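Worksheet: one structure, shown below.
The values are calculated or read from the model by the stated rules, or taken from the named source; none is laboratory data. Please read these numbers as outputs of a predicted model, since none were measured by experiment. Heads up, the Cβs are rebuilt from the backbone with ideal geometry, glycines too, and the neighbour counts pull from every protein chain shown.
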Amino acid sequence: MRLEPKPAPSFAATLLYPLGAVAATLVFTSVLALLAGASPLDVFLLVAKGAAGSQFALMETLTRATPLIFTGLAIAVAFRAKLWNIGAEAQLYMGGVATVVLGTGALPLPAPLLIPILMAASMLAGALLLLGPAFLKTRFGVDEVVTTLLLNFIVLLFVSMLLEGPLKDPMGMGWPQSIKVLPEARLPRIITGRRLHYGFVLAIVASVILWVVMKRTTLGYEMRAVGHNPEASRFAGIPVNSVLMKTALLSGGLAALGGFSEVTGLKGNLTSDLSANFGYTGIVVAMLAMLNPLGVVASAIFVAGIFVGADSMSRAAGVPSYIADVMVAVALLTMVTAIMLTRFRIRWR
Amino acid sequence: MEAFEILLQTSFWVAAIRIASPLIFATMGELICERAGVLNLGIEGIMVAGAFAGWVTVYGGGDLWTGVVVAALVGAAFGLLHATLTVPLGLSQHVVGIGITLFATSLTYFTYRLVLPQVSSPPKIEPFTPLPIPSLSEIPLVGQALFAQTPLTYLAYAVVAVTAWVLYRTPLGLAVRAAGENPSAVEAQGISVAAIRIGAVMVGSALMAIGGAFLTMSAFNSFFFEMVNGRGWIAIALVVFGSWRPGKALLGAVLFAAFDAFQIRLQQISGGIVPYQVFLMMPYILSIAALILVARRATYPKALMVPYQKGER
Amino acid sequence: MSPTPVLRLHNITKRFGSLVANDAISFDVREGEVVALLGENGAGKTTLMNILFGHYVADEGTVEAFGKVLPAGDPNAALAAGIGMVHQHFTLADNMTVLENVALGTQSLWAPRLDRKEASSRIRALAQGFGLVVDPDATIGRLTVGERQRVEILKALYRDARILILDEPTAVLTPGEAEALFRTLKLLVAKGLSILFISHKMHEVTAISDRVLVLRGGKLVGERKTNETDSRAMAALMVGGEIASPKVEAVQRGSVRFALSQVSARPPAGVPLNNLTLELHGGEIAGLAGVSGNGQATLAALMAGTIAPSSGTIAVDGREARSWTPRAALGAGIGRVPEDRHAVGSIGDMTVAENVISERYRTRRFSRFGFLDWTAARRFAEELVRDYDVKCPSPDARIRLLSGGNMQKLILGRALDGDPPVILANQPTRGLDVGAVAYVHSRLLQARKRGAAILLISEDLEEILALSDRVYVMSKGRLSSPSARGERSVSELGELMAGRSEDALHAA
């Protein structure tokens, strides 16, 4: 068996294979639903209804999508430059930490000043966190996959330490949580009575900006070039290491904005369950979007919909809500296969 | 000098070897994959799946060794999936590996909830018990540590020996090492690179799964979420630390486990002055430090992460 | 000569999409015969070899060895039938020993242990019998290129090969090593083996073969007895017409445009350079001859800016460079054509427009305030496509889809844009067809005419001799003194390439 590149993928193929991936995902989840004793059709309908069946459901989905857009963008930009940042989880938490450290009273400023400062501070915290692995990669050749993965565990313990120590809320009845950020630091809700907040708008703006950066700027060009072929890039005079550092700053900063937005828009404080694996799910989001920043918005909403829908489906149909995690993981694997198949033809002889 | 005395306690070394055992399985598994040229980032998820598969087999009435075999088969199945996507199809080993970890983990959690919908505290099984080897276990200090462990630990020793033997002393091992260095050398001698790599990933993944099963069937006696807790990633660091050699990787795993056991004891005698999280961070920090230490002189298998197509050179 | 055919190809056809790589090729090889398969790059030689050896499956046709049809797509069958192959790029694992590489795949994979004793004694016996001296326990990574090739031949002999296929075997050898190889081949033939020798070098074919098959555009276009034809006729068959050698006009030698003085360099991998001095004059092509792996890559990297000297100075147009990076080299006015157009010269998954601006995207021509001007980039790509006669569907096509020649023309165009005073052309014609080679040569000569100083690095001595005003030879990281056109004979240059010192040469 061998793979041959297709000169130009046909329109039908670019449509057909991803649809095939979706179909394969649905078939696999159907089997799981059957195993759980539920009708697959019911399960899918309930998931769809739970994700988008009402204004409330839709708002919940968009709320859940918000951090996923941020982590998805963080992964998309890093993977584009082949910087394998698997540490968006940790960077997100660092964003949350920075937000809480400065936002709970240290800076008594009005909202128009405080919010940008908190954004900048959280981005800086996340960026610096990823700078370490990027430095180790470029300077010593240490694989960043392992270092960013291990940092996830380190940072989570660090957060837990803060929440039981210096950042602990004395009124928290012993729960490991920080005190709430100032009202001036809170992102307002978009619709009163719904949880959707302006963090979502911020996420959309971030993805548009990132899209422009990737498409139109020299930095975006450099990141793509380095990702595709670092050796040719170096030969052409592109400063590969410095591009990787910039990529790390951007990626870490974007993931950290997710932490900022969760704290100031949704939770109000920092807890050690601020992220429901948003960092890891961000990888799926970015891959489903084929690393396109605008696509990240769509895929984040789709993935969030599955999770939100599965939660309500689980209550109604008695199928474990982990079916959503399975579905998302299977979607990742089938989709990368589908993307490959649109570009290559398999010849069996 | 309490800290130093820890090193002289038999119980400390017994714990170190116990902590090392799952890492040894996982590290050997990853080493085999990487020696054949495939980075297997599915390791973390495969360990989760193995931990559950072994435990649930015993929970469902199977005997312990059946549990180990089931865990290995489950691991091999995930390995087959990984290899199918990364070897003949040549997909990114990073992305597929992470995907396998997410898939194996979520499928395990789903199945766990399916099997035990309502339990709050995980049910227990009767795990492997220590089986002191007569006379060997009576050697002072090391005897208890090395030879008064459960049979699964002895299996871990055997796995290292067999891995080293196969890689360096058999025709199959030649093919595996060549597949990770220059696959066209394998192809030119009439051996299928794809078959070697798929086989290596399946065997490696089976070992990772047994490493996971050690947690539920020997170290503890039940399955709970997040119990693998980054051990897979640490195993990947240990492979690099061990320069892709079974003996050195074993040494790395034992050193690492000794450090881990040490920090637990240190934590107990530190009297809470230092937050316990600092101690818990140590293994991960140590792993990163170890990577930095060896990165300069690490000689990766040259074809690691490089997909291969027939007739290509 | 025995008339029994040991290998017979019948009507072999292989298509890749719309490209017909092999078109109904039939021939046979007889016992004790050396058959040369001659053809240009892209004529279909490699595809044919891959089919012969079972890496590819032919769409039509059969391969017969010793009267039996080989099952398609099974390298094992080819090996078992006694076909041994020495690939152009060695198929050896560098981290393993000679013995391990030779024994790989010869013992059952499920055997509980590798029988080293048996393998070792057989290798020693074969090595002695055929004059292929190597230590079975040496690690491949430490062997010279010539020794590695011996291991490749040993691999085939170890498997009792009766038919040996050699794919461009001399490409990586010094003239001396090539001689030794030919002696070995004659010994093999004397012992009854048959040899299929693939090459595009005329003189080798004449030296070694009994019969020549000429391949062009996937078709077998001619078959001659070697002693009944000559190089010129073969060359004409190979390219389908007479080859025009480049016309080199007399040009006034200019001032020194590029100078390395007392430069030492330690590349992370590769041959280090010590106290090297080199001056390139305007209006001149300086040719750098040598067997690959003797420091040319380091010198090229130095000139391209990808490595910086550890001591010594680099001066362009008399101005000494302070920090030396690719960007500095470009800024100083060095146009660079890299050795490997796929891995270094281009970014395959990016478009033609994106590729042509890669050295200049930061200039005001292509960007303002960090924002790229894609219109300007496309316009530049279109200009190059037109001026350099590139066949390319659109500036937005991925460069990977272009043929080697067209890709090289674009890289050349990118390098020559803005008429740089200094040009590095590293293996600029390797793997190109005759038309593209002629084109690249004419462009380099044109640059020479306008006064550029050019360093031409090539492993093809004929190319060096045809174009260069002065010739340097590089061996083991040392540079010979330059010789003017015609000053040194081919054999003298060959001696220098093999590492003989100039003093020894004068003494002789």
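Here the helices (runs of 4 or more DSSP H) wholly within the range C:155-239 that include at least 1 residues being modelled with pLDDT of 90 or more and either crowded, with 17+ Cβ neighbours inside 10 Å or not assigned by TED's automatic domain parsing to the domain that holds C:PHE16 (or both) are C:175-190.
Given the structure, is C:HIS55 more than 25 Å from B:GLY199 (Cα to Cα), touching a helix residue (DSSP H, G or I) at 6+ places or on another chain (Cβ under 9 Å), assigned to a loop (DSSP other than H, G, I, E, B) and within 7 Å of chain B (Cβ to nearest Cβ)?
So C:HIS55 fails the test.
Checked against (1) buried (at least 19 other Cβ atoms within 10 Å of the Cβ); (2) in contact with a helix residue (DSSP H, G or I) (Cβ under 8 Å, 6 or more places away or on another chain); (3) part of a helix (DSSP H, G or I), C:LEU79 meets all criteria but (2). Of all residues in the range C:492-507, those that are under 15 Å from C:THR174 (Cα atoms) and in the same structural domain as C:GLU462 (by TED's automatic domain parsing) have Cβ atoms under 9 Å from Cβ atoms of residues that are at pLDDT below 85 and among the acidic types (Asp, Glu), 6 or more apart or on another chain, in C:LEU496/C:GLU502; C:ALA498/C:GLU177.
Condition check ((1) buried (at least 19 other Cβ atoms within 10 Å of the Cβ); (2) touching a residue at least 24 places away in the same chain (Cβ under 8 Å); (3) under 26 Å from the mean Cα position of the chain (by Cα)) across all residues:
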| position | (1), (2), (3) |
| --- | --- |
| A:GLY172 | no, no, no |
| A:SER178 | yes, yes, yes |
| A:PRO188 | no, no, yes |
| A:PHE200 | yes, yes, yes |
| A:VAL205 | no, no, yes |
| A:VAL208 | no, yes, yes |
| A:MET214 | yes, yes, yes |
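For the condition in contact with a Gly (Cβ under 9 Å, 6 or more places away or on another chain), among the polar types (S, T, N, Q), modelled with pLDDT of 95 or more and surrounded by 16 or more Cβ atoms within 10 Å (Cβ to Cβ), what is the one hit in B:THR105, B:THR170?
Numbers: B:THR170 fails: in contact with a Gly (Cβ under 9 Å, 6 or more places away or on another chain).
Exactly one of B:THR105, B:THR170 is in contact with a Gly (Cβ under 9 Å, 6 or more places away or on another chain), among the polar types (S, T, N, Q), modelled with pLDDT of 95 or more and surrounded by 16 or more Cβ atoms within 10 Å (Cβ to Cβ), namely B:THR105.
Kindly evaluate B:TYR276 against the criterion of being more than 9 Å from every other protein chain (Cβ to nearest Cβ) and buried (at least 17 other Cβ atoms within 10 Å of the Cβ).
Values: more than 9 Å from every other protein chain (Cβ to nearest Cβ): no; buried (at least 17 other Cβ atoms within 10 Å of the Cβ): yes.
Criteria not met by B:TYR276.
Here C:LEU424 meets the list (1) assigned by TED's automatic domain parsing to the domain that holds C:SER292; (2) in a helix (DSSP H, G or I); (3) crowded, with 21+ Cβ neighbours inside 10 Å almost entirely, failing just condition (2). Of all the numbered requirements in (1) closer than 17 Å to C:PRO421 by Cα; (2) within 18 Å of the chain's Cα centre (by Cα); (3) without any contact (Cβ under 8 Å) to a residue 12 or more places away in the chain, C:VAL337 misses one, and that requirement is (3).
Here A:ILE301 meets the list (1) surrounded by fewer than 24 Cβ atoms within 10 Å (Cβ to Cβ); (2) under 30 Å from A:PHE44 (Cα atoms); (3) over 12 Å from the mean Cα position of the chain (by Cα); (4) touching a residue at least 12 places away in the same chain (Cβ under 8 Å) almost entirely, failing just condition (3). Selection of the range C:21-73 for residues being at pLDDT 90 or above, among the charged types (D, E, K, R) and buried (at least 20 other Cβ atoms within 10 Å of the Cβ) yields only C:GLU33.
Report yes if some residue within the range B:52-71 is more than 28 Å from A:LEU150 (Cβ to Cβ) and of a type in the set (S, T, N, Q); otherwise report no. The answer is yes; a qualifying residue exists. Every listed requirement among (1) away from every other protein chain (no Cβ under 11 Å); (2) free of Cβ contacts under 8 Å to residues at least 12 places away in the same chain; (3) among the aliphatic types (A, V, I, L, M) is met by C:LEU384 save one, (2). Would you check if C:ILE423 is among the hydrophobic types (A, V, I, L, M, F, W, C) and over 27 Å from C:ARG216 (Cα atoms)? The answer is yes for C:ILE423. The residue that is nearest to A:TRP348 (Cα to Cα), counting only those in the range C:60-80 that are more than 8 Å from chain B (Cβ to nearest Cβ) and touching a residue at least 60 places away in the same chain (Cβ under 8 Å), is C:ALA65.
Filtering the range B:149-166 for residues that are surrounded by fewer than 20 Cβ atoms within 10 Å (Cβ to Cβ), aliphatic (A, V, I, L, M), within 30 Å of C:ALA81 (Cα to Cα) and within 14 Å of chain C (Cβ to nearest Cβ) leaves a non-empty set. Apart from one condition, A:ILE115 fits all of (1) within 14 Å of another protein chain (Cβ to nearest Cβ); (2) part of a helix (DSSP H, G or I); (3) touching a residue at least 60 places away in the same chain (Cβ under 8 Å); the exception is (1). Do we find that C:GLY413 is over 17 Å from C:GLU354 (Cα atoms) and not assigned by TED's automatic domain parsing to the domain that holds C:GLU40 in this structure? The answer is no for C:GLY413. The residue of the range A:254-285 that is farthest from A:MET327 (Cα to Cα), among those that are of a type in the set (Ser, Thr, Tyr) and either touching an Asp or Glu at 6+ places or on another chain (Cβ under 8 Å) or assigned to a helix (DSSP H, G or I) (or both), is A:THR264. Checked against the criterion of being under 25 Å from A:ALA232 (Cβ atoms), more than 14 Å from chain A (Cβ to nearest Cβ), of a type in the set (A, V, I, L, M) and under 24 Å from the mean Cα position of the chain (by Cα), the range C:222-244 contains not a single residue that satisfies it.
Suppose the filter is part of a loop (DSSP other than H, G, I, E, B), in contact with a Pro (Cβ under 8 Å, 6 or more places away or on another chain) and within 14 Å of chain B (Cβ to nearest Cβ); does C:LEU99 pass it? No; evaluated as a whole, the condition is false for this residue. Candidates B:LEU114, B:LEU207, B:LEU146: the one that is more than 10 Å from every other protein chain (Cβ to nearest Cβ) and either within 30 Å of A:ILE323 (Cβ to Cβ) or at pLDDT 95 or above (or both) is B:LEU207.
Just the residues that are within 16 Å of C:TRP110 (Cβ to Cβ) and more than 7 Å from every other protein chain (Cβ to nearest Cβ), please, taken from the range B:168-185. Let's see the steps before the verdict.
Residues of the range B:168-185 that are within 16 Å of C:TRP110 (Cβ to Cβ), as a first pass: B:169-176.
Across the range B:168-185, the qualifying residues are B:GLY173, B:VAL176.
What is the residue count in the range C:311-353 for residues that are away from every other protein chain (no Cβ under 12 Å) and acidic (Asp, Glu)? So the answer is 2.
Count of the range C:449-508 residues, restricted to those that are surrounded by 15 or more Cβ atoms within 10 Å (Cβ to Cβ), outside any loop (DSSP other than H, G, I, E, B) and charged (D, E, K, R), is 6.
From the list C:LEU455, C:LEU461, the one residue that fits, being touching a residue at least 60 places away in the same chain (Cβ under 8 Å), in the same structural domain as C:ARG266 (by TED's automatic domain parsing), in contact with a strand residue (DSSP E or B) (Cβ under 6 Å, 6 or more places away or on another chain) and closer than 20 Å to A:ALA236 by Cβ, is C:LEU455.
So which residues in the range C:253-275 are part of a strand (DSSP E or B) and within 25 Å of the chain's Cα centre (by Cα), if there are any at all?
Pass one, the range C:253-275, residues part of a strand (DSSP E or B): C:256-265, C:273-275.
Scanning the range C:253-275 gives C:ALA265, C:LEU273.
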